[in-house]
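K.L.:
One structure coming up, written as structure tokens, with questions to follow.
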């Protein structure tokens, strides 16, 4: 690549372009990045000049990317993701002296996030007895409350498991999933010709969905009740029913995904919050470091593909990178 092209490419310019692509607004981009609007505009001009193409159609509101901008966005996001992961990797603690760690991860992540996270931790913990289990959130809540596990990644409880600190990872909003081509113009009431597919009421998702239905004054007949995400996806894809799910769960539908349409859930938005819980005797920085790596993997495998498939999700489906922790208590997911 010629030096003249590299000269105008800056990390800040890529960050500005990535944020503007999501927001469509110079003012919102400036607010999110802590910049002035003129500075955002200048960064965009510099980037366009460096590449020799217009990236944004400034004549439309909200702003949209040009064909060249859409092509470059994928490259920019990949570069930023690699840089962020590398930065966090450099700051990753040396866990060689850690003697034992028992960890649980929600089964939503068993195919993508958990294997890579296990590899990263195993490489860092050269002399550690490492115990890893996967399971449903309510089971992991019980295990960390009983001190059978030190750290768990799962849906937040209401209340949180006692004696834990929570590190937020991602907001996972509830959405409507119907067989492909099904009209939802009439709201949930128009789906009466289909069977509602319920989740196991022991699951955090099942309990939240039932509360939503009750609040909406809906009481679908009790016919299908399942704890398997794939079985639920298969029934919806096959045209037998509809369900309430989340982007994270829908992205795990595999071969059934192309036969399922996703829509915003009617009414006030609700979501489940995926967090990393650590027992409150883990006072050091290790839980926060593990949470940071988990966020990178969740962004790569779920958040970014989810927003690409369902752009109407916007920032409602995104990792929470504040890295802070909260005391376990009565506050649950929205």
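Here, each number is a calculation from the coordinates, and none is a lab measurement. Computed from a predicted structure; not experimentally measured. Glycine also receives a Cβ, built like all others from the backbone with ideal geometry; neighbour counts cover every protein chain displayed.
K.L.:
Restricting the count to DSSP beta bridges whose residues both fall in the stretch 175-264, what percent are antiparallel, rounded to a multiple of 5?
P.N.:
The antiparallel fraction comes to roughly 60 percent.
K.L.:
By the gyration tensor of its Cα atoms, with a ≥ b ≥ c the square roots of the eigenvalues, what is the shape of the stretch 180-292: rounded for a/c under 1.5, prolate for a/b over b/c, or oblate?
P.N.:
Prolate, because a/c is 1.5 or more and a/b exceeds b/c.
K.L.:
Calculated from DSSP H runs of 4 or more alone, at -39500 (n - 2.57) each and per residue, what is the 222 nm mean residue ellipticity of the chain, nearest 500?
P.N.:
-11500 deg cm²/dmol
K.L.:
Taking the chain as a Gaussian network, Cα atoms linked when under 10 Å apart, which of 303, 136, 100 shows the biggest mean-square fluctuation?
P.N.:
100
K.L.:
Rounded, prolate or oblate, given the Cα gyration tensor of the chain, with a/c below 1.5 counting as rounded?
P.N.:
oblate
K.L.:
Sticking with this one: Could you please state, rounded to a whole Å, how far the C-alpha centre of the stretch 147-199 is from the C-alpha centre of the stretch 9-24?
P.N.:
Cα centres, the stretch 147-199 to the stretch 9-24: 31 Å.
K.L.:
Would the stretch 11-87 count as rounded, prolate or oblate if I go by the C-alpha gyration tensor, calling it rounded below 1.5 in a/c and otherwise prolate when a/b exceeds b/c, oblate otherwise?
P.N.:
Oblate is the answer for the stretch 11-87, as a/c is 1.5 or above yet b/c matches or exceeds a/b.
K.L.:
7 Å from Cα along Cα→Cβ at both residue 281 and residue 315: what's the point-to-point distance in nm?
P.N.:
Reported label-point gap for residue 281 and residue 315 is 4.0 nm.
K.L.:
Sort 200, 150, 258 by Cβ crowding within 10 Å, fewest neighbours at the top.
P.N.:
The fewest-first ordering by Cβ neighbours comes to 258, 200, 150.
K.L.:
So, one more: Which percentage, to the nearest 5, of the DSSP beta bridges contained in the chain is antiparallel?
P.N.:
65
K.L.:
Using the 10 angstrom Cβ neighbour count as an exposure proxy, how do 279, 66 rank, fewest first?
P.N.:
Starting with the residue having the fewest Cβ neighbours, the order is 66, 279.
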